[in-house]
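The values are calculated or read from the model by the stated rules, or taken from the named source; none is laboratory data. Given the structure is predicted, the values throughout are model-derived calculations rather than measurements. Positions of Cβ are backbone-derived with ideal geometry, glycine not excepted, and every protein chain shown enters the neighbour counts. These area figures cover heavy atoms from the full protein model, side chains too; ligands, DNA and RNA do not enter into them. Shrake-Rupley method; radii C 1.70, N 1.55, O 1.52, S 1.80 Å.
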Amino acid sequence: MLELNAINSFYGKAHVLNDLSFAAERGQVVALLGRNGAGKTTTMKSIMQLVRPKTGTVTFQGHNITGLASHKVAKMGLGYVPEERRIFTDLTVLENLEVGRQPPREGTVTWTQDMLFDLFPNLAERRDNRGKALSGGEQQMLTIARTLMGNPSFVLLDEPSEGIAPVIVEQMVRVIQQLKADGLTVLLSEQNLHFARAVADTTVIIESGSQKFTGTLDELNAHPEIRDAYLSV
Amino acid sequence: MGLFIAQVLTGLANAGALFMVASGLSLIFGVTRIVNFAHGSFYMLGAYIGYTLMQVLPGAVGFWGAILLAGLAVGVLGVLVEVLVLRPVYRAPELFQLVATFGVILVIQDLALLIWGPEDLLGPRAPGLRGVVRIMGEPIPKYDIALLVITPFVALGLWYLITKTRVGVLVRAATQDREMVGALGVNQAWLFTGVFALGTALAGLGGALQLPKGGADLMMDFNILTAVFVVVVIGGMGSLPGAYLAAVIISVLNVFGVTYLPQSTLVLMFVVMVLVLMIRPYGLFGREEVAGEHGQVGEPERPFKPAGLQVRLLVGAGVATLAAMPLYASTFSQVLATDILIFCLFAASLHFMLGLGGLVSFGHAAFFGGGAYVAALMVTHADSPMELAFILAPIGAGLAALIIGWVCLRLTGVYFAMLTLAFAQLIWSLVFQWGDVTGGDDGLVGIWPAEWLKETTVFFYFALTLSVGGIIALRHVAHSPFGYALRAARDSARQAEATGINTKRVQLLAFGLAGTMAGLAGGLFVFSKGSVFPNELEIARSFDALIVVFLGGVKTLAGGVAGGAFFKGVEDILVRFEYWRLALGLLIIVVVILAPDGIVGSLRKAAERVGLLKRGEDTT
């Protein structure tokens, strides 16, 4: 469904991604693993074309999306949940959802505000609160909910468990499992295996922008030395 | 009591146009992050187009229809400007866009002159609303009452659009993080164009609505621009209620000012602004600007390096060629060269605080004209010898810069820029309205240099020595530890603070030094011309310097000088033509679009391409 083919991305002169290639099949949850600074966020941004890869191609549903404007990428059904959350702090929860709203898309769930409030009950109580009044966990939920309002077929989740309470991490796991059950494809980035273990089908490990391992969770479990070398525990 | 109420009502009526223009500016800034200097020009266009339409369309329906159509037409022109001029430069440095909008001002000025001629046009009266109504015995024009009623409806409509509709939600979201809005599937280009259309249409509407009160003339653009900036800053950038309240405050105060303190009307506005900003630095309803916002990540700044041997030789040769001018060039050329040298020093002083300090001042003319006026006032009122008056020019300008800088540096970014503009306008209005001392509009004349400097050639050498000396001194400071501290404060204020640099003090000193050098240029200017007029303090003069710095290239040390020479040279040729503004405006727009690195930056890139310079090396 999504395929990265030897992409190289730069920030100015800094070479951040080096010949990265991997694919995600429909309905899969792929975990992109690596330490802080490994290039996970840049990979996400390179898929969304917020960072334009200098060489290589990103293919989504058979279309080459390299170099496309980000809003067009989003319109094709790629939903982006950034690591820094970037909710609109001056807008209410409902207004934040409104920004993410897109017309229904064939083959994906058409989300409504009420469905999202069922998924994230905490947000329902805070629907008229401004973004800046939310807790970190609530902001994280809002970011995901806002992206789902675009009825994506594929979601990029950049470190969703970062900096939020364990209880909420539990809730995130359940949410991702449900999204997967609904047929959504997910690329999830994490620094360690705790979260990924509960949801991922396959894993890609990167370090300094280079790919170190690609395989299923079972294959990774068979090679503890890889885990020890490239992931934080 | 009757008079009091009548004046409040007049003020409220006057606030209408001001509010519409200000809210348009505020909206455009919020979403596109562009301070649209051309906003006053769209207001002017609204008035002219409305005037023409009113000639054609009959009766009351025609009158009000003309106003609406004028707003629409200006909105369409706004789209044209956005697509043709601004779209190509959205990715350019934020400040470069200012210069583009200034180019638009010049183009519109001349187009208006071309189409509607130089005469002021008297606005037609509104059918059915001629004459006055009496409120508590005081006459109030019926049209004022109409304006009083219309404005709140426009304000409410706007408020509804922004707070209650999807478009409004998107606009507010984009104001905060436009990249994220794009990543959620919203086409920003469409949003930008839409907001620009709305903002300019509001300006056009304001211009057409005030026709029966003020008519249409070619000075409208700059005249309203200052007031609009003041309103936006007092109300808080991006706040509609703020813009409305501030427009009312300014307009009502202005009406009272005209009655009780006629000499101070212009000053009053700025005094209110400074007072408000002292108490609420981001305006009545504004929020603090967050540094390092999303969606505006530029290339990292190149480091400056001291000039290499080659460059030094080149500069030396250039100065020698200049110094030898009296041997081969006419007196007229020497006068022109003196003008250019003075202007280069002025531009270099602005570049020093803008390029190195990241302090974008919209009011640098305050110190250029200020220096000139200090010297001229000394000669006129104290009969002081030229030498003393001349030395006091940079000192006076430097002191003024320290005081003004101290106030302005409490703010950052666009608020800082607006505040510098306000102070410059404050000084301009003081000079303009305090005729007994400053000569007002007639200026101060007969300010000639001392006997030993009377010769054109001698004065040329005098100007050459001081300008080149001043520029070299600025360069020297740029490479001193102070210069490093200044750049550190520009690139990362917090880290600079953490390493023990008192960033505010460093910036204040830079502001003071830049003011001093501008004052020196002003001193040279007044004695080279023998006179000084308030227009040396005008916004247009500040903009000249800004344009020059951007044309030359903000990121190169030679930028100010190269831009100054280029600009003065081109201006000298262009002003011989009738429609030189049009030509200059188009030239500026073309340069902005084609050479966004400025003259020096583009030359360097070209040199890198052909291998004359190593990449990343800066020897300018």
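Table for the structure above
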{"read-out": "Filter result (open to solvent by 50 Å² or more (accessible area, probe 1.4 Å) and outside any strand (DSSP E or B)) within the range A:202-228", "value": "A:208, A:218, A:219, A:221, A:222, A:223, A:224, A:225, A:227, A:228"}
{"read-out": "Test result for residue B:400, within 14 Å of residue B:518 (Cβ to Cβ) and touching a Lys or Arg at 6+ places or on another chain (Cβ under 6 Å)", "value": "no"}
{"read-out": "Criterion (out of contact with any His (no Cβ under 7 Å at 6 or more places or on another chain), within 13 Å of chain B (Cβ to nearest Cβ) and of a type outside the set (Asp, Glu)) met by exactly one of A:152, A:160", "value": "A:152"}
{"read-out": "Per-region count, the range B:239-265, residues under 25 Å from residue B:413 (Cα atoms) and touching a Leu at 6+ places or on another chain (Cβ under 8 Å)", "value": "7"}
{"read-out": "Lone qualifier among B:167, B:133 - being in a helix (DSSP H, G or I) and either within 30 Å of residue A:90 (Cβ to Cβ) or assigned by TED's automatic domain parsing to the domain that holds residue B:60 (or both)", "value": "B:167"}
{"read-out": "Count - residues of the range A:103-156 that are assigned to a helix (DSSP H, G or I), within 26 Å of residue A:27 (Cα to Cα) and either open to solvent by 50 Å² or more (accessible area, probe 1.4 Å) or β-branched (Val, Ile, Thr) (or both)", "value": "8"}
{"read-out": "Residue B:132 aliphatic (A, V, I, L, M) and within 14 Å of another protein chain (Cβ to nearest Cβ)", "value": "no"}
{"read-out": "Which numbered condition residue A:99 fails, given (1) in a loop (DSSP other than H, G, I, E, B); (2) facing chain B (nearest Cβ under 9 Å); (3) not polar (S, T, N, Q)", "value": "(1)"}
{"read-out": "Strands (runs of 3 or more DSSP E) wholly inside the range A:1-42 that include at least 2 residues being more than 15 Å from the chain's Cα centre (by Cα)", "value": "A:2-11, A:14-24"}
{"read-out": "The range A:44-60 - residue that is open to solvent by 20 Å² or more (accessible area, probe 1.4 Å) and under 17 Å from residue A:84 (Cα atoms) and, of those, farthest from the other protein chains (Cβ to nearest Cβ)", "value": "A:45"}
{"read-out": "Residue A:176 vs. criteria β-branched (Val, Ile, Thr) and open to solvent by 20 Å² or more (accessible area, probe 1.4 Å)", "value": "no"}
{"read-out": "Residue in the range A:67-80 that is more than 10 Å from chain B (Cβ to nearest Cβ) and either open to solvent by less than 10 Å² (accessible area, probe 1.4 Å) or touching a residue at least 40 places away in the same chain (Cβ under 8 Å) (or both) present", "value": "no"}
{"read-out": "Among the residues listed as A:87, A:144, the single one being away from chain B (no Cβ under 12 Å) and touching a residue at least 12 places away in the same chain (Cβ under 8 Å)", "value": "A:144"}
{"read-out": "Options B:223, B:187; residue that is open to solvent by 10 Å² or more (accessible area, probe 1.4 Å) and either under 20 Å from the mean Cα position of the chain (by Cα) or more than 14 Å from every other protein chain (Cβ to nearest Cβ) (or both)", "value": "B:223"}
{"read-out": "Qualifying residue in the range B:38-58 (condition: out of contact with any helix residue (DSSP H, G or I) (no Cβ under 9 Å at 6 or more places or on another chain) and either assigned to a loop (DSSP other than H, G, I, E, B) or closer than 30 Å to residue B:546 by Cβ (or both))", "value": "yes"}
{"read-out": "Failed condition for residue B:218, given (1) farther than 18 Å from residue A:91 by Cα; (2) within 14 Å of chain A (Cβ to nearest Cβ); (3) not in a helix (DSSP H, G or I)", "value": "(2)"}
{"read-out": "Matching option when the condition is under 18 Å from the mean Cα position of the chain (by Cα), touching a residue at least 24 places away in the same chain (Cβ under 8 Å) and part of a helix (DSSP H, G or I), among B:75, B:24", "value": "B:24"}
{"read-out": "Failed condition for residue B:192, given (1) in contact (Cβ under 8 Å) with a residue 40 or more places away in the chain; (2) open to solvent by 10 Å² or more (accessible area, probe 1.4 Å); (3) away from every other protein chain (no Cβ under 14 Å)", "value": "(3)"}
{"read-out": "Index of the failed condition, residue B:184 passing every other in (1) in contact (Cβ under 8 Å) with a residue 60 or more places away in the chain; (2) touching a Ser or Thr at 6+ places or on another chain (Cβ under 8 Å)", "value": "(1)"}
{"read-out": "Residue in the range B:142-151 that is buried (at least 16 other Cβ atoms within 10 Å of the Cβ), aromatic (Phe, Trp, Tyr) and not in a strand (DSSP E or B) present", "value": "yes"}
{"read-out": "Criterion violated by residue B:238 - all others in (1) open to solvent by 30 Å² or more (accessible area, probe 1.4 Å); (2) in a helix (DSSP H, G or I); (3) of a type in the set (Gly, Ala, Ser) satisfied", "value": "(2)"}
{"read-out": "Residue match in the range B:513-523 (condition: in contact with a Cys (Cβ under 9 Å, 6 or more places away or on another chain) and either open to solvent by 40 Å² or more (accessible area, probe 1.4 Å) or part of a helix (DSSP H, G or I) (or both))", "value": "yes"}
{"read-out": "So residue B:252, is it modelled with pLDDT under 85, open to solvent by less than 50 Å² (accessible area, probe 1.4 Å) and either away from every other protein chain (no Cβ under 14 Å) or part of a helix (DSSP H, G or I) (or both)", "value": "no"}
{"read-out": "Of all residues in the range B:158-175 being open to solvent by 50 Å² or more (accessible area, probe 1.4 Å) and over 16 Å from residue B:243 (Cβ atoms), the one that is nearest to the other protein chains (Cβ to nearest Cβ)", "value": "B:166"}
{"read-out": "Matching residues, the range A:80-96, being of a type in the set (A, V, I, L, M, F, W, C) and part of a loop (DSSP other than H, G, I, E, B)", "value": "A:87, A:88, A:91"}
